[in-house]
Structures are given as C-alpha cells and as structure tokens.
C-alpha cells in the first residue's frame, strides 16, 4: 500500500508525465522556484530544468494563449492559474480557441493542454478567491472538466488529463491539499476521465457530489447510518465527460437523488444534474433535490463561511427532512419504495 496526500499526488503526476514524455511542460505564476502557491509543484524545476518548468508574468490570458499555441504545435503544456476565480480572464483562449480547434480543423488538429486551478471555499480566502467556477465552463463543448476528491484520483486523473488530446480543466479544491489516502499501486495508476465512482453503498438516497462535498457526504452518511438511513455516495469526479449512466444506475436502486453543490444553485452544475436525471430517469425517481450554497458571494469570516457551505450537518438535515425522519430516530421503513 502507498500513502500519498493530495498535493503530493499532483506533484507526482506531473513529474511522472514529464519523465515519460519530453513534450510536457509546466508553467504558471510561482510554479517553478516557489513550488506553487499551494506547494503542489516543488522541486520540478530543479529536476526538469527552467526550459520545461518556469514562472510567468501575471497574465492569465497570456498564459492560456501561449498554452493553446504550444499545444497545437506539438507540446503538451500544463498551466497553473492560481485561483479558479481568475479563469474568466482566459475565457477567450479556452472557449473560442482551444475548445473549438478540433472542430474547426475538421478533426485534423488536437489541443493537448491542461489548465490546473485551485477552487473552493472553507479557508477564509474571501469572495474573489473562494469560488467553485466549474459550471462557468460546463456548457462549452470541447472542454473536459475534472474535479478529484481523493489523492489517488488526483494522481490518476491528472496523468490521464495530461495524456488526453483535448483541452482539460483540472480543478483542485483548496481544502483537500493536505488530506492523505492509502491506495494500492496498479500499473501506471491511470484513472479514466468521465467515470464516476460509488464510494459508499446505500439503499435509501443517492448523494452525488464533487471535491470536498464527497467527504461531507461521507460524514453525513456515517451519522445517518446510526439512524437506519443508508446513503449511497457517488463521487462524480468529472463534469465533462459526465457519467450520467452511473448516476441513473444508483438512482434506480434508491429512487431518491440529492445533489450537493458548493456553488450557488442557480445555473450550477448541481441544478443541471438534477434536471438531467429528472429528464432521463423520471420513471425511476421518487424524489430529487439539490443542496447548494447561499445565493451571495462567499463570506470571509470563518463562522459565516461555515454557515454558507453545505457541510455534513446540512446534508444530514435535508435528508431527514425529505424522508420525514426526526434526528436520532431509528427507522426500518425508509428504504425502497
């Protein structure tokens, strides 16, 4: 068994892919000598040299435009945009160039680039450094969107993203960098893009989440298990490609869906997923509901930020309310309708 933390998984994935393929290059703000603002890339410049690992000026559009140009001319760039909140500054290169190039070239050209960025609230970074902007890109065909919740997945998904011939947005949650996981090494350790993972089985409610939300759902599931309520927790892992088949398979078993989205509800990925399940699985669905953050910017004070986020307590409370079960009450009649 191997133990690795989330930031170590990111560093290892990049290092192994740079070792395997000399077309892979890493650059961004403070990724080289400083090792990244969240210390996910230390030592890579010393190992691979300053022509393959280097720091850039503070210009997200310039970085992403350069990545697009490098990708279509034969390199496989991995670019770090420090915070996901800054991604709109690179929107033209991503939405109008990288995402469309394969289509515009009639399939003759690929765009193998990866944009890494830290997202998520919970660390008192304030309103413009704490957002979860994945839904901003979800409606753009041609982009892949990856959101790992566990170190082993961060390792395997990032390796797969670097090898992919399409542009991939790889979002890392700030509250996960220090978590550790033991896992069994297997082959190259690749995790395929677009496959969700059932991380806990249950019979009463399917809970779908990303990033930190998966850990919150698991904590809620542990609490509710003592009350006779079985949550099936599904880690979506990717928003594009979306593994709707696994979600529908779980809902067919439980007949109930709860989607946990750290961002605001309106226009979010969680709201879109609830709509997709209702559209395609209405015949297997008794109830579908969304738990998201409040409709305002992320607060800075820790107490307000905790109240803003859909943590384990709120997940457990909304499940009890929808099932009509009081807190602490044992129930043998919740499952299967």
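Take the residues in the stretch 257-278 that are over 22 Å from residue 149 (Cα atoms), modelled with pLDDT of 95 or more and out of contact with any strand residue (DSSP E or B) (no Cβ under 8 Å at 6 or more places or on another chain), then tell me which one is surrounded by the most Cβ atoms within 10 Å (Cβ to Cβ). So, considering only residues that are over 22 Å from residue 149 (Cα atoms), modelled with pLDDT of 95 or more and out of contact with any strand residue (DSSP E or B) (no Cβ under 8 Å at 6 or more places or on another chain), the one surrounded by the most Cβ atoms within 10 Å (Cβ to Cβ) is 276.
Might you let me know whether the stretch 141-151 holds any residue that is part of a helix (DSSP H, G or I) and surrounded by fewer than 18 Cβ atoms within 10 Å (Cβ to Cβ)? No, every residue in the stretch 141-151 fails to be part of a helix (DSSP H, G or I) and surrounded by fewer than 18 Cβ atoms within 10 Å (Cβ to Cβ). Scan the stretch 195-219 for residues that are in a loop (DSSP other than H, G, I, E, B) and surrounded by fewer than 18 Cβ atoms within 10 Å (Cβ to Cβ) and report the count. The qualifying residues number 3.
The set of residues in the stretch 292-327 being without any contact (Cβ under 8 Å) to a residue 40 or more places away in the chain, assigned to a loop (DSSP other than H, G, I, E, B) and under 24 Å from the mean Cα position of the chain (by Cα) consists of 294, 295, 296.
The numbered conditions (1) crowded, with 20+ Cβ neighbours inside 10 Å; (2) more than 19 Å from the chain's Cα centre (by Cα) are all true for residue 238 except (2).
The values are calculated or read from the model by the stated rules, or taken from the named source; none is laboratory data. Note that the coordinates shown come from a computational prediction; the quantities given were computed from them, not determined experimentally. Every residue, glycine as well, gets a Cβ built from its backbone with ideal geometry; the counts of neighbours run over all protein chains shown.
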